[in-house]
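One structure is given here, and the rest of the page talks about it.
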Amino acid sequence: QVQLVESGGGLVQPGGSLRLSCAASGSDLSINAVGWYRQAPGKERELVTRISSSGSTVYTDSVKGRFTISRADAKNTVYLQMNSLKPEDTAVYYCNANVHLRFLDSSFDYWGQGTQVTVSS
């Protein structure tokens, strides 16, 4: 029943910005930890950043100071603000969320469908 819907990807010039969104469907749920991953052509999927239920964050070195993960729990949504984008940031970005289903009192991991980010002149 739970779906993660990603949006916000697109084509941007180097130095530009994008904000990705990851929204969980349903009303009887809450989001625990969330991670943003990316996969470039020919490369392994890598963790970009994550945020815990308490708000603690981790970033891979290549995006520190440029990307910011945040959450809006009232909207069951997590954001990835991407500034000073570089061509090497080009990839499909995926949201992964551990979602707590209140009526089951149980948690499960879900993946978004991915959104393409292309940084090019």
Checking ARG66, ARG19, ARG50 in turn, the sole residue that is over 30 Å from SER121 (Cβ atoms) and modelled with pLDDT of 95 or more turns out to be ARG50
Every residue in the stretch 2-11 that is open to solvent by less than 20 Å² (accessible area, probe 1.4 Å) and over 17 Å from ASP73 (Cα atoms), please. none
Can you name the residue in the stretch 46-65 that is of a type in the set (Gly, Ala, Ser) and either in contact (Cβ under 8 Å) with a residue 24 or more places away in the chain or over 22 Å from VAL119 (Cα atoms) (or both) and is also least open to solvent (accessible area, probe 1.4 Å) among such residues? SER52
Top-ranked residue in the stretch 66-94 [being without any contact (Cβ under 8 Å) to a residue 24 or more places away in the chain and open to solvent by 40 Å² or more (accessible area, probe 1.4 Å); ranked as farthest from GLY55 (Cα to Cα)]: ALA74
So for the stretch 70-85 (the condition being over 16 Å from GLU6 (Cα atoms) and of a type in the set (Gly, Ala, Ser)), does at least one residue qualify? yes
Mind checking which residues of the stretch 20-44 are surrounded by 14 or more Cβ atoms within 10 Å (Cβ to Cβ) and not small (Gly, Ala, Ser)? LEU20, CYS22, LEU29, ILE31, ASN32, VAL34, TRP36, TYR37, ARG38, GLN39
Show the residue pairs meeting these rules: Cβ distance below 8 Å; 6+ apart or different chains; first residue within the stretch 95-120 and without any contact (Cβ under 8 Å) to a residue 60 or more places away in the chain; second residue assigned to a strand (DSSP E or B). SER106/HIS100; ASP109/ASN96; ASP109/ALA97; ASP109/ASN98; ASP109/VAL99
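The values are calculated or read from the model by the stated rules, or taken from the named source; none is laboratory data. Please read these numbers as outputs of a predicted model, since none were measured by experiment. Here the Cβ is made from the backbone with ideal geometry for all residues, glycine too, and neighbour counts use every protein chain on show. We work out accessible area using only protein heavy atoms, side chains counted, and drop any ligands, DNA or RNA first. Shrake-Rupley method; radii C 1.70, N 1.55, O 1.52, S 1.80 Å.
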